[in-house]
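Scroll down for the structure; my scribbles are underneath it.
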Amino acid sequence: MSHHTLVIIAFNQALPSGLMGIADMLSLASLSQQHAPSHNKPYDHVSKTTEPWHPKVLIASTDGQDIVDGQGRVFKPDCALADIDVCHGVLIPGFVPCANGLPPEQVTDKACQAWLKRQYDQGALIGGSCSGAFVLGEAGLINKRRCTTTWWLHYEFAKRFPQASSAWGSALVQDGNIITAGGPLSWVDISLRMIRALAGNEAANRAADFAVVDSAPSSQDKYIPQGHLLSADPFLIEAETRVRQHLSEPLSTVELASTLAVSERTLHRRLKRLTGEAPKAFMDRVRMDMAKTLLHTSKQQVGNIALEFGYSDEAAFRRLFRKQVGMSPSEYRRWQGQREE
């Protein structure tokens, strides 16, 4: 029988589905054990991976007081963070955006940040879903770590937490004991990763099957609308425009810097700060963004699209597209077609 204690932090403006969905997913992990093939076998004949897992799950607010979720409903937590000395896992749902489309400027206070750091130092696994990753940033837990958040908050995330190594469009990133995932419903992903880490692969896979969800998170990139950068920053607008204007004759890093009237070093520094990417990675992603548009809106052969974007080696184009989007060009075209049926 497991003695793990897991804490779900409830903040004002929390996404209701994430707040209760995490609790439901953890509950399903326990409930699904009744449907395991080995459920009726004597324990002596059951592997350790099928040991019953019934963690203690607590929903805590920073001060123990009621919170108002992102839909305006009052929610009563189980306790305050200060009531919990030690736990094995912490899960943080995302937030319903403020009127400006961004998470609150300051989500946590010093006491909450200190509590999170203490749990991390004691070995707890800590996961932030979608904008919940901002909570980890405020606590300093993602400094010099690979991490991610949802695609439309990537640039705001990079601005607020410049010491973090944020990955554009990643579905889930785990760096040590810190887990981050993108998308409002990525609480499913961090919940399953927590279950996998504490209860084993069998428990996580069984919970995913029982909930009828994928046990492996998929890339965000295939969902990101074309031209998203255009609403982000004037320098990015200009940089993307230059890349789009030189497709059949791709720009080098030096040439892109020259067209923007900055040094190569400045180009690298500004793109890294704004997007988390080096210039070459930025240019490749802009080209793949345009390739997605052509795959969706035209019937051109993949090889012709590769040539149009300056890739004489079709295999190299296909490899880069799969790396960026998480599926092959042909799979992406079929996927987009199925979405419109």
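What to note about this one:
- Against the test of being in the same structural domain as Arg319 (by TED's automatic domain parsing), exposed (fewer than 15 other Cβ atoms within 10 Å of the Cβ) and modelled with pLDDT under 90, the options Thr297, Thr275 yield a single qualifying residue, Thr297.
- Any hit, the stretch 279-289, residues being outside the structural domain of Ala158 (by TED's automatic domain parsing) and free of Cβ contacts under 8 Å to residues at least 12 places away in the same chain: yes
- Qualifying residue in the stretch 62-82 (condition: surrounded by 19 or more Cβ atoms within 10 Å (Cβ to Cβ), assigned by TED's automatic domain parsing to the domain that holds Lys159, at pLDDT 95 or above and assigned to a strand (DSSP E or B)): yes
- Residue within the stretch 123-138 that is surrounded by 21 or more Cβ atoms within 10 Å (Cβ to Cβ), polar (S, T, N, Q) and more than 9 Å from the chain's Cα centre (by Cα) present: no
- Check on Tyr332, in the same structural domain as Val243 (by TED's automatic domain parsing), aromatic (Phe, Trp, Tyr), at pLDDT below 90 and under 23 Å from the mean Cα position of the chain (by Cα): yes
- Among residues of the stretch 5-26 that are under 19 Å from Leu198 (Cα atoms), those with a Cβ under 7 angstrom from a residue that is of a type in the set (S, T, N, Q) and buried (at least 24 other Cβ atoms within 10 Å of the Cβ), sequence gap 6+ or separate chain, pair up as Ile22/Ser191; Met25/Ser191; Leu26/Ser191.
- The number of residues in the stretch 159-201 being modelled with pLDDT of 90 or more, under 10 Å from Cys147 (Cβ atoms) and polar (S, T, N, Q) comes to 1.
- Of the residues making up the stretch 155-162, at least one is part of a loop (DSSP other than H, G, I, E, B) and in contact (Cβ under 8 Å) with a residue 12 or more places away in the chain.
- Hits in the stretch 223-266 - residues which are surrounded by fewer than 17 Cβ atoms within 10 Å (Cβ to Cβ), modelled with pLDDT under 70 and part of a helix (DSSP H, G or I): Tyr223, His228, Leu230, Ser231
- Test: residue in the stretch 251-274 that is closer than 21 Å to Ala167 by Cα and among the acidic types (Asp, Glu): no
- Enumeration of residues in the stretch 172-192 that are farther than 18 Å from Thr275 by Cβ and either out of contact with any helix residue (DSSP H, G or I) (no Cβ under 8 Å at 6 or more places or on another chain) or small (Gly, Ala, Ser) (or both): Asp175, Gly176, Ala181, Gly183, Ser186, Asp189, Ser191
- Asp214 meets the conditions (1) at pLDDT 85 or above; (2) within 28 Å of Gly89 (Cβ to Cβ); (3) exposed (fewer than 14 other Cβ atoms within 10 Å of the Cβ) in every case but one. The failed one is (1).
- Residue satisfying all of: in the stretch 163-194; assigned to a helix (DSSP H, G or I) and in contact with a strand residue (DSSP E or B) (Cβ under 8 Å, 6 or more places away or on another chain); surrounded by the fewest Cβ atoms within 10 Å (Cβ to Cβ) among these: Arg193
- Within the stretch 308-341, the set of residues being hydrophobic (A, V, I, L, M, F, W, C) and exposed (fewer than 13 other Cβ atoms within 10 Å of the Cβ) comprises Ala315, Ala316.
- Within the stretch 307-317, one or more residues are aliphatic (A, V, I, L, M) and within 15 Å of Pro250 (Cβ to Cβ).
The values are calculated or read from the model by the stated rules, or taken from the named source; none is laboratory data. These numbers were taken from a predicted model, which means no experiment stands behind them. Please note: Cβ atoms are built from the backbone with ideal geometry, for glycine as well, and neighbour counts cover all protein chains shown.
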